[in-house]
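Some notes on the structure that comes next.
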Amino acid sequence: MSVTVADAESAGPGSSRTRSARRAADPPPRQKPAGRRRTAELLSARSRRDFPIFLLLVLPNVLLIAAFTYRPLLTNIYYSTLNWTLGSPTASKVGLGNYREFFTDPESLQVLWTTAIFTVATVGGAMILGLGLATVLNRPLRGRTFARATIFAPFVLSGVGIGLVWVFIFDPVTGLLGAIIRGFGGTSPQWFNDPKLALTMVIIVYIWKNTGYCAVIYLAAMQAVPADLVEAAAIDGAGRVRTFFSVVLPLLSPTTFFLLLTSILNSLQAFDLIRIMTPLGNGTTTLMYDAYLQAFGGYNRAGYSAAVATILFGILLVMTVVQLTLLERKVHYS
Amino acid sequence: MTVVVPAAGVDAVTDDGAAPPARQRQRRDGPLGRQNLLAAIATGYLPLILATAIIALPLLWMVIGSLKAPSEVVTQNLVLLPQHPSLNAYREAGTKIDIGRLFLNSTIVTVIGASIKVLLAITTAYALAFVRFPFKRVIFVFMLVALMVPPQVALVPNYILIADLGGVDTYWGIILPGLGTAFGTFLLRQHFLSLPTEILQAAEIDGAGHFTKLLRVVVPISTPTIATVALVTIVTEWNDYIWPLVITTDPARMTLPVGLTQLKNIEGDASSYPILMAGAVMVIVPVMVIFAALQRFIVAGLTQGAVK
């Protein structure tokens with residue numbers, strides 16, 4: 001293929017054609033060209049002719065991302081220094097007042113605590129269950145393709161729809177779960193009134209929704225584990241459990257790391273389930289939900305909400321930087 | 001420790017059907033030995049069936065619930081299957097809130113939003129992969145970082161901007177802030193870079209410009225990846241919640257998830273569960289159908305980049 005191309009090219013006139021012919025002959029075509037050649041290429045009339053096309057293709061997307069993804073990060077910081085009611089034409093400057101309020105208010109400390117519990121429980125739960133399911137799905141069992149798809153499905157379904165389904169199940173009086181508990185002679189816990197139980201309930205549903213994602217990613221990583229390593233361990237007399245913990249799990253560590261950080265980021269941003277299952281955030285107000293409630297939950301405190309969002313973003317930023325630096329190191333592990 | 005041989009080895013049948021269940025003998029059992037079979041069921045099929053059931057049953061319960069009469073729900077005595085399954089709840093839901101309208105709104109927002117997003121992803125990815133430009137790397141990093149900025153953090157600033165522009169309760173107000181796409185761009189760029197360069201060079205020799213190359217060469221040979229991006233985008237748009245929730249107050253402009261929130265607020269008591277389940281069916285089942293038919297693409301798209 002490349003030979004024909006090169007032949008045809010060299011037949012053609014014009015300096016740019018011969019250059020691309022030379023490039024076609026290069027075995028790794030996608031490598032960064034050497035500095036000098038690159039400059040020459042950029043200065044050539046032909047590449048300058050490409051600039052407007054590039055901008056035409058790229059600018060709409062870049063402008064949208066700049067306007068609705070990057071700009072808010074900055075305006076948020078500005079808004080967070082204001083005492084400002086949403087919809088009001090006036091606002092007063094309070095400096096770091098909103099942050100001071102957040103970090104001294106016992107309620108927001110409760111919010112941080114709830115966020116921590118929710119994040120640790122959902123990330124830990126979904127990853128451990130996902131890992132367990134992946135080991136099962138990795139075995140040549142009948143119907144595992146179907147099972148894999150079923151287990152993954154909740155991850156792509158609407159959080160609002162899922163929340164409604166589980167409200168219907170958890171309802172202490174009319175719900176399925178209550179009926180089962182009564183069947184065993186117990187009484188259903190008050191899932192919605194008790195703040196601790198409400199948080200437990202939302203955590204359970206969140207894990208239900210996200211375990212499949214962890215399982216499928218772990219499964220893909222497990223299938224990449226070289227079979228000869230597992231066989232070698234078996235020959236050395238290691239049992240299945242020993243092989244799993246001493247051979248397979250260490251090889252999965254880049255995946256574990258990836259999942260850990262993406263799951264933490266996702267859990268910190270959880271919203272749909274919390275909003276639909278516990279609208280008042282009684283015991284389930286995480287940082288994300290607090291930012292929403294403060295601005296749109298009746299308080300209309302735009303400035304304070306921006307401060308909460310900025311704190312949340314700060315946490316996400318730290319997590320992302322950790323991911324980028326540590327993950328990079330871990331990826332070369334195997 | 002029981003040694004479980006994978007079922008792939010079942011053709012190596014052994015005759016230990018009468019093997020005593022003594023612990024010491026287990027290791028020498030063949031693949032079809034009673035112990036191994038039991039172990040395969042206990043550590044393989046049982047958890048698999050259990051997990052599948054835990055996932056599938058609540059969804060099944062939703063569908064059954066939507067077919068029940070209110071009296072079959074407002075009771076302490078569990079009614080497993082409705083006596084006279086009916087679509088009344090769906091009709092009833094329509095009288096409480098214009099659910100047909102919600103469905104239409106969701107469809108409009110999803111179709112327009114996803115189409116533009118996929119288009120932008122294709123053009124941006126093509127430019128990043130094939131068009132020469134001095135600051136390409138900067139723009140790529142700009143996209144990559146945007147991938148990690150959560151849209152939720154931008155809630156208040158975007159609300160204020162769109163409200164000032166008069167976008168509350170409009171389709172464009174719902175669609176516009178989410179249009180920029182880093183995810184699709186990233187996925188497609190990776191794919192475009194893996195295409196054989198010879199094909200593009202051949203097109204170039206035939207005198208094809210960038211637009212011809214994009215439309216006649218790159219897009220046709222990239223349909224599976226574009227389908228992946230399109231499906232993930234469609235599902236995300238359909239499920240999108242927090243932004244439409246904030247930017248709409250008029251039921252005539254609400255998307256399905258937002259309208260269902262409204263429905264749950266006005267229909268607080270237990271007798272309305274069939275109606276709420278009917279709503280849940282309408283928001284969940286379309287995605288479930290798409291997922292069932294095309295799950296290979298969706299799973300690939302959502303797990304992309306994880307295993308590298």
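What the table shows:
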quantity: Breaking point among (1) in contact with a helix residue (DSSP H, G or I) (Cβ under 6 Å, 6 or more places away or on another chain); (2) facing chain A (nearest Cβ under 10 Å); (3) over 24 Å from A:ASN300 (Cα atoms), for B:PHE192; calculated: (2)
quantity: Qualifying residue in region A:267-288 (condition: open to solvent by 10 Å² or more (accessible area, probe 1.4 Å), away from chain B (no Cβ under 12 Å), within 29 Å of B:GLN262 (Cα to Cα) and among the hydroxyl-bearing types (Ser, Thr, Tyr)); calculated: yes
quantity: Selection within region B:95-135 - in a loop (DSSP other than H, G, I, E, B) and within 14 Å of chain A (Cβ to nearest Cβ); calculated: B:ILE97, B:VAL131, B:ARG132, B:PHE133, B:PRO134, B:PHE135
quantity: Candidates A:THR115, A:THR135, filtered to the one that is of a type in the set (Ser, Thr, Tyr), more than 7 Å from every other protein chain (Cβ to nearest Cβ), surrounded by fewer than 22 Cβ atoms within 10 Å (Cβ to Cβ) and closer than 15 Å to A:VAL202 by Cα; calculated: A:THR115
quantity: When residues of region B:260-308 are limited to those that are crowded, with 17+ Cβ neighbours inside 10 Å and in a loop (DSSP other than H, G, I, E, B), the one modelled with the lowest pLDDT; calculated: B:VAL307
quantity: Any hit, region A:173-188, residues being part of a helix (DSSP H, G or I), facing chain B (nearest Cβ under 8 Å) and touching a residue at least 40 places away in the same chain (Cβ under 8 Å); calculated: no
quantity: Residue count for region B:116-138, restricted to those that are in contact (Cβ under 8 Å) with a residue 24 or more places away in the chain and hydrophobic (A, V, I, L, M, F, W, C); calculated: 10
quantity: So A:ALA215, is it open to solvent by 40 Å² or more (accessible area, probe 1.4 Å) and either among the small types (Gly, Ala, Ser) or within 12 Å of another protein chain (Cβ to nearest Cβ) (or both); calculated: no
quantity: Qualifying residue in region B:139-149 (condition: without any contact (Cβ under 8 Å) to a residue 40 or more places away in the chain, under 25 Å from B:VAL219 (Cα atoms) and not in a helix (DSSP H, G or I)); calculated: yes
quantity: Yes/no for A:ALA198 being of a type in the set (A, V, I, L, M, F, W, C) and either surrounded by fewer than 18 Cβ atoms within 10 Å (Cβ to Cβ) or assigned to a loop (DSSP other than H, G, I, E, B) (or both); calculated: no
quantity: Inter-residue pairs, beta-carbon under 6 Å, first over 19 Å from B:ASN36 (Cβ atoms) and in region A:225-249, second hydroxyl-bearing (Ser, Thr, Tyr) and open to solvent by less than 60 Å² (accessible area, probe 1.4 Å), 6+ apart; calculated: A:ALA233/A:THR243
quantity: Filter pass, A:SER80 being modelled with pLDDT under 85, farther than 20 Å from B:VAL145 by Cβ and open to solvent by less than 40 Å² (accessible area, probe 1.4 Å); calculated: no
quantity: Residue list for region A:164-187, filter: polar (S, T, N, Q) and crowded, with 17+ Cβ neighbours inside 10 Å; calculated: A:THR174
quantity: Single residue of region B:62-77 satisfying the filter (in a loop (DSSP other than H, G, I, E, B) and of a type in the set (A, V, I, L, M)) that is surrounded by the fewest Cβ atoms within 10 Å (Cβ to Cβ); calculated: B:VAL74
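Residue by residue, here is whether (1) away from every other protein chain (no Cβ under 11 Å); (2) in contact (Cβ under 8 Å) with a residue 60 or more places away in the chain; (3) hydroxyl-bearing (Ser, Thr, Tyr) holds:
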residue: A:PHE51; (1), (2), (3): no, no, no
residue: A:LEU64; (1), (2), (3): no, no, no
residue: A:ILE77; (1), (2), (3): no, yes, no
residue: A:THR119; (1), (2), (3): yes, yes, yes
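Quick grid of which residues meet (1) assigned by TED's automatic domain parsing to the domain that holds B:ILE175; (2) open to solvent by 60 Å² or more (accessible area, probe 1.4 Å); (3) at pLDDT 85 or above; (4) on the phi < 0 side of the Ramachandran plot:
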residue	(1), (2), (3), (4)
B:ALA42	no, no, no, yes
B:LEU48	no, no, yes, yes
B:VAL79	no, no, no, yes
B:PRO85	no, yes, no, yes
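The values are calculated or read from the model by the stated rules, or taken from the named source; none is laboratory data. Owing to the predicted nature of the structure, the values given are computational and were not obtained by experimental measurement. All Cβ positions, glycine included, derive from the backbone under ideal geometry; neighbour counts span all protein chains shown. Areas reflect the complete protein model, heavy atoms only, side chains present, ligands, DNA and RNA absent. Shrake-Rupley method; radii C 1.70, N 1.55, O 1.52, S 1.80 Å.
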